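One structure coming up, written as structure tokens, with questions to follow.
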Amino acid sequence: MKAINTMTLTFDSLEANESFARSATAGFFTQLDPTVEELCDIRTAVSEAVTNAIVHGYRREKGKVKLTARIYPGRKISVTVRDSGCGIADIEKAMEPLYTTDPEGERSGLGFSVMQSFMDSVKVSSAPGKGTAVTMQRTLSPLPDDGGVIVDFSCRGAEI
């Protein structure tokens, strides 16, 4: 299926950029008028994916993170977070709850579980020394039927 709108961001793997990525992605998807809950879910999943790239992919060393958000027909969305870091040798093991490659840090090992709980699907592709790509997809809930009501937002007394 071909995307009807795409946004791509590339930013340094700095922890300060995690909130930027989360907010920019949510802002991009607001054009679909998602629910507040859907936006929060997307923001959380993006936050986890970007944090994984920074903390585990680059091990807090400087690199580039590329985030691509896409909108498809039928209110389907996808977000891919890609790094060129150390990669994952055993994806299945890395996706197990409580597994972490940062045992000395403050990491709980729940990043992939959180992503999976907030998105319809999470796919990970990776190779040691080549980096990792995490693609998350979700279909947003249908817009409520407004009954065909037309709302007039024009300004009273203003000439347009």
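The values are calculated or read from the model by the stated rules, or taken from the named source; none is laboratory data. Values in this document were obtained by computation on a predicted structure and should not be read as measured data. Neighbour counts run over all protein chains shown; Cβ positions are idealised from the backbone, glycine included. Just so you know, the surface numbers come from the protein's heavy atoms only, side chains and all, with ligands and any DNA or RNA stripped out. Shrake-Rupley method; radii C 1.70, N 1.55, O 1.52, S 1.80 Å.
In the stretch 61-70, what residues are open to solvent by 10 Å² or more (accessible area, probe 1.4 Å) and either free of Cβ contacts under 8 Å to residues at least 24 places away in the same chain or not basic (Lys, Arg) (or both)? Steps first, please.
Our first condition is that a residue be open to solvent by 10 Å² or more (accessible area, probe 1.4 Å); within the stretch 61-70, this holds for 61-64, 66, 68, 70.
Those that are open to solvent by 10 Å² or more (accessible area, probe 1.4 Å) and either free of Cβ contacts under 8 Å to residues at least 24 places away in the same chain or not basic (Lys, Arg) (or both): GLU61, GLY63, THR68.
Could you list all residues from the stretch 1-23 that are of a type outside the set (Gly, Ala, Ser), part of a helix (DSSP H, G or I) and either open to solvent by less than 20 Å² (accessible area, probe 1.4 Å) or in contact (Cβ under 8 Å) with a residue 12 or more places away in the chain (or both)? Let's see the steps before the verdict.
Of the stretch 1-23, the ones of a type outside the set (Gly, Ala, Ser) are 1-2, 4-12, 14-15, 17-18, 20, 22.
Applying the additional criterion that residues be part of a helix (DSSP H, G or I) yields 17-18, 20, 22.
Listed by number, the residues that qualify are ASN17, GLU18, ARG22.
Suppose we filter the stretch 123-137 for residues that are open to solvent by less than 60 Å² (accessible area, probe 1.4 Å) and in contact (Cβ under 8 Å) with a residue 60 or more places away in the chain; how many remain?
4
While we're here: I'd like to verify a number: residues in the stretch 29-52 that are part of a helix (DSSP H, G or I), out of contact with any helix residue (DSSP H, G or I) (no Cβ under 7 Å at 6 or more places or on another chain) and surrounded by 18 or more Cβ atoms within 10 Å (Cβ to Cβ), how many?
Counting residues in the stretch 29-52 that are part of a helix (DSSP H, G or I), out of contact with any helix residue (DSSP H, G or I) (no Cβ under 7 Å at 6 or more places or on another chain) and surrounded by 18 or more Cβ atoms within 10 Å (Cβ to Cβ) gives 1.
Check GLY111 against each of (1) at pLDDT below 85; (2) small (Gly, Ala, Ser); (3) open to solvent by 40 Å² or more (accessible area, probe 1.4 Å) and name the one condition it does not meet.
Condition (3) is where GLY111 drops out.
Does the stretch 63-72 contain any residue that is over 12 Å from ALA133 (Cα atoms) and either at pLDDT below 95 or part of a loop (DSSP other than H, G, I, E, B) (or both)? Full working, then the answer.
Of the stretch 63-72, the ones over 12 Å from ALA133 (Cα atoms) are 63-64, 69-72.
Going one step further and asking which of them are either at pLDDT below 95 or part of a loop (DSSP other than H, G, I, E, B) (or both), we end up with 63.
Within the stretch 63-72, one or more residues are over 12 Å from ALA133 (Cα atoms) and either at pLDDT below 95 or part of a loop (DSSP other than H, G, I, E, B) (or both).
Closer than 15 Å to VAL134 by Cα and open to solvent by less than 30 Å² (accessible area, probe 1.4 Å): is that true of ALA26 in this structure?
Numbers: closer than 15 Å to VAL134 by Cα: no; open to solvent by less than 30 Å² (accessible area, probe 1.4 Å): yes.
Against the criterion (closer than 15 Å to VAL134 by Cα and open to solvent by less than 30 Å² (accessible area, probe 1.4 Å)), ALA26 does not qualify.
Considering (1) under 22 Å from the mean Cα position of the chain (by Cα); (2) at pLDDT below 80, say which one ASP145 fails and leave the rest.
It is condition (1) that ASP145 fails.
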